[in-house]
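Here is the structure we will look at.
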Amino acid sequence: MAGIEVTSLHKRYPDGTVAVEHVDLSIGDGELFVMLGPSGCGKTTTLRAMAGLERQTSGDIRIGSTLVNDLPPAERDIAMVFQFYALYPHLKTRDNLAFPLRAEGLPESEVRERVAEASRMMRLDALLDRRPQRLSGGEQQRVALARALVRRPRAFLMDEPLTNLDAELRADMRTEIKHLQAQLGTTMVYVTHDQVEAMSLGHRIAILNKGRVEQVGTPLEVYDRPASLFCAAFIGSPPMNLIEVEVDDGSLRGPGGLRLTPPAGLPRDRTLVAGVRPEALEVTVPGAEGSVPARVISAEVLGDEIIYVLDNGGERDVRVRMPPTVRFAADAPVGLRHAGGTPPVYDVNTEELVA
Ligand code: ATP
C-alpha cells in the first residue's frame, strides 16, 4: 500500500488546451480520496497522469516513496476502474478476472486462488461461468472491480465507475466500494462529478475547478465551510443561499432586515456574501420572534422534507429546508429567520472565504 503525492502538476495537451493548471495533492496511505468537480475541470486528466496513461507537461507524481514520472502504467502497481467496464466480451467472468494475472505470468495455482478470493469479496461465485453479455450492468461493474482487486495493487484509481448504473444500483455499489476499501485498507482515488457520491464515499474530498484545487477537506469541512463561492455553490442540494450582507452594529444584516450571527474577524470595506444552508433558515408564521416578512414562491414537497422558495423583499429565491409537517401554501405570507449557527462569509470580488 502507498500514499500518492502530486506536486505542481500541469498538463497542456498538444492542441494547446490546458487541462490541469496547477494541482498539489497529498493522498494518505489507506485513504479513500475523492476528486470532485464539474465536467472539464481536469479530474480525469489528473487521474490518468497518476496512472501513467497521460504524461504531465510538468510536475511530479510519487506513489509511496517512488517517483513514477517516467514509469509506464504497468510498473506503477496501481489498478484503474473506468466508467466503461471494458470486460473482454468473449471471456467468462473467471477468465476476465484471471486475464491480468496470466498476463503477468503468475502460476496457475496463484491465479486460481486470487480469482476465488476476489470472486468471494465481490459476490461473483454464481456468475463465474457467464460471459459479460449475460450479466447486468451492476454485475459487470462488480466484475470490473474484482478484476482490479485480483492484482492486489498499491492503489486503486477509479474514474466515475458508477455513472452507467441506475440510481438504486449506484447507491448499492457505493456502499460496496466503501466497504471494500475499508476492508482492504488500500489507497483509493475516486473521480466523480456527483457531489452526493463524493460526500458519501470520501474520507476527504478535493474540489477542482478549471484545473486547480479549490479546497481539500473532509465531507463535513467542505459542507460547513466551503473555501470559495465556487465550492459553496457546488456542494449541497439545494445549494447554499448566497446572501449579500452588511456588517451592522456587530451583527450581519441581509436584505429585508434578515439577521445572521456574524463570524469573528469580519473584514471592513468589502462587499460580503454569507453562505447560508437551507437548513440553517426557518419558515415561520408571519411576525414570529426574530423573523422578517417573506412570501412563499413555491414549495417542493419531497416526502421527508419540504424545500420552500421564499421572497423576502430584498432577496428572491431564498431556499429553506423544513420538516414535512410544516406546511405553508404557495403565495402565503410567512416569516423567515436564521435558525442558528455562524455562516461562512465570502468576499464578492475575490470569491474567497474571509471569515
Ligand atoms: P469530465 O467529467 O467531463 O470527464 P474532467 O474534469 O475529467 O471532465 P478532463 O477530462 O480532465 O476533465 O478534461 C479537462 C480539459 O482538458 C477539458 O477542457 C477537455 O476538453 C480537455 N481535454 C481532455 N483530453 C484532451 C485531449 N486529449 N486533447 C485536448 N484536450 C483535452
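The values are calculated or read from the model by the stated rules, or taken from the named source; none is laboratory data. Being a predicted model, the structure only gives us computed values, none of them experimental. Cβ sites come from the backbone with ideal geometry, for glycine too, and all protein chains shown count toward neighbours.
Yes/no per residue for (1) within 15 Å of the ligand (Cβ to nearest atom); (2) within 13 Å of the chain's Cα centre (by Cα); (3) farther than 18 Å from residue 26 by Cβ; (4) outside the structural domain of residue 167 (by TED's automatic domain parsing):
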position: 186; (1), (2), (3), (4): no, no, no, no
position: 189; (1), (2), (3), (4): yes, yes, no, no
position: 196; (1), (2), (3), (4): no, yes, yes, no
position: 204; (1), (2), (3), (4): no, yes, no, no
position: 207; (1), (2), (3), (4): yes, yes, no, no
position: 215; (1), (2), (3), (4): no, yes, no, no
Next on the checklist: Consider region 8-39. How many of its residues are near the ligand (Cβ under 9 Å from one of its atoms), surrounded by 15 or more Cβ atoms within 10 Å (Cβ to Cβ) and not basic (Lys, Arg)?
Outcome noted: 5
Checklist entry - Among the listed residues 74, 2, 51, 79, which satisfies the condition of being small (Gly, Ala, Ser) and within 16 Å of the ligand (Cβ to nearest atom)? => result 51
Item to check | Residue in region 278-286 that is surrounded by fewer than 15 Cβ atoms within 10 Å (Cβ to Cβ), at pLDDT below 95 and of a type outside the set (Ser, Thr, Tyr) present | outcome: no
Item to check | Residues of region 15-49 classified as among the β-branched types (Val, Ile, Thr), within 20 Å of residue 188 (Cα to Cα) and not in a helix (DSSP H, G or I), total | outcome: 3
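Residue-wise test of (1) part of a loop (DSSP other than H, G, I, E, B); (2) touching a Lys or Arg at 6+ places or on another chain (Cβ under 7 Å); (3) of a type in the set (Val, Ile, Thr); (4) without any contact (Cβ under 8 Å) to a residue 60 or more places away in the chain.
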residue: 256; (1), (2), (3), (4): no, no, no, no
residue: 263; (1), (2), (3), (4): yes, no, no, no
residue: 266; (1), (2), (3), (4): yes, no, no, no
residue: 269; (1), (2), (3), (4): yes, no, no, yes
residue: 282; (1), (2), (3), (4): no, yes, no, yes
residue: 295; (1), (2), (3), (4): no, no, no, yes
residue: 298; (1), (2), (3), (4): no, no, no, yes
residue: 313; (1), (2), (3), (4): yes, no, no, yes
Next on the checklist: Restricting to region 198-228, give me the number of residues that are assigned to a helix (DSSP H, G or I) and either of a type in the set (Ser, Thr, Tyr) or crowded, with 21+ Cβ neighbours inside 10 Å (or both).
Outcome noted: 5
Next on the checklist: Just the residues that are within 17 Å of the chain's Cα centre (by Cα), of a type in the set (Asp, Glu) and more than 16 Å from the ligand (Cβ to nearest atom), please, taken from region 160-171.
Outcome noted: none
